Amino acid sequence: MSAHNQGSGPRSNAYSESKFTNWAGYQPFHSECAFALRRIAKSVPLEPERPAVLALPLHEGFRHPCCPEAVEWALGKLPPATIAGLRAVLLLGGNQPQLNAWLKHSPLIRYGVYWRECVFLFAYPRGHWTDLDWLQDFFLKDVLVHEIGHHVDRHRDADSRTKEGFAKAFARQHGRRL
């Protein structure tokens, strides 16, 4: 008799009850990117003339580090060639697993990600920083421009250290112009 017929679902035998059978990594920040991308898939064109800037609803423990108008302003200050082909900049809303990561000072914490021609700026937990002007400058001049650096460098075949070096240099060069 097969295990499939004996159980009531996907975890229906002794082996599947083991925690070692779940090989998915715990990525509370990256999973929100995938969810956000599915959410905007039909409303944002694959190749817009200009990137869409969208703020998603906030989880109660978070704030957006900057407003969509500030992101639009920053994008307007960059050379047009650097944002050509960029689909969207999404201000994410956060979730409970991310809040838990912040409270534990986890190494999983992320400020931004570039993925699939989109820049994702993560929500910032309320109460972690009081100087909101500094926070906005950090997200616009460092995080946003760094992730756009990854967009500019997206076609080059290089290792992750080289790509990070390029994005950091790009942010230093273009971020100070904002």
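The values are calculated or read from the model by the stated rules, or taken from the named source; none is laboratory data. Source: prediction; values computed, not measured. Here Cβ is always computed from backbone atoms with ideal geometry, including for glycine, and neighbour counts include all displayed protein chains. All accessible areas refer to the heavy atoms of the entire protein, side chains included, with ligands and DNA or RNA removed. Shrake-Rupley method; radii C 1.70, N 1.55, O 1.52, S 1.80 Å.
Cβ-Cβ distances below 9 Å connect the following pairs, each with a first residue in region 94-113 that is part of a helix (DSSP H, G or I), a second residue that is hydroxyl-bearing (Ser, Thr, Tyr) and modelled with pLDDT of 90 or more, and a separation of six or more residues or different chains: TRP102/TYR124. Restricting attention to region 145-178, the residues that are part of a loop (DSSP other than H, G, I, E, B) and either open to solvent by 40 Å² or more (accessible area, probe 1.4 Å) or charged (D, E, K, R) (or both) total 8.
Of the residues making up region 84-103, those that are surrounded by fewer than 23 Cβ atoms within 10 Å (Cβ to Cβ) and either under 13 Å from the mean Cα position of the chain (by Cα) or hydroxyl-bearing (Ser, Thr, Tyr) (or both) are ALA88, GLY93, ASN95.
Within region 129-144, being part of a helix (DSSP H, G or I) and either within 19 Å of the chain's Cα centre (by Cα) or under 18 Å from ARG110 (Cβ atoms) (or both) holds for LEU135, GLN136, ASP137, PHE138, PHE139, LEU140, LYS141, ASP142, VAL143, LEU144.
Per-residue answers, yes or no, for (1) surrounded by 15 or more Cβ atoms within 10 Å (Cβ to Cβ); (2) in contact with a Lys or Arg (Cβ under 7 Å, 6 or more places away or on another chain); (3) farther than 13 Å from PHE120 by Cα; (4) modelled with pLDDT of 95 or more:
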residue	(1), (2), (3), (4)
PHE20	no, no, yes, no
TRP23	no, no, yes, no
PHE29	yes, yes, no, no
CYS67	no, no, yes, yes
VAL71	yes, no, no, yes
ALA74	yes, no, yes, yes
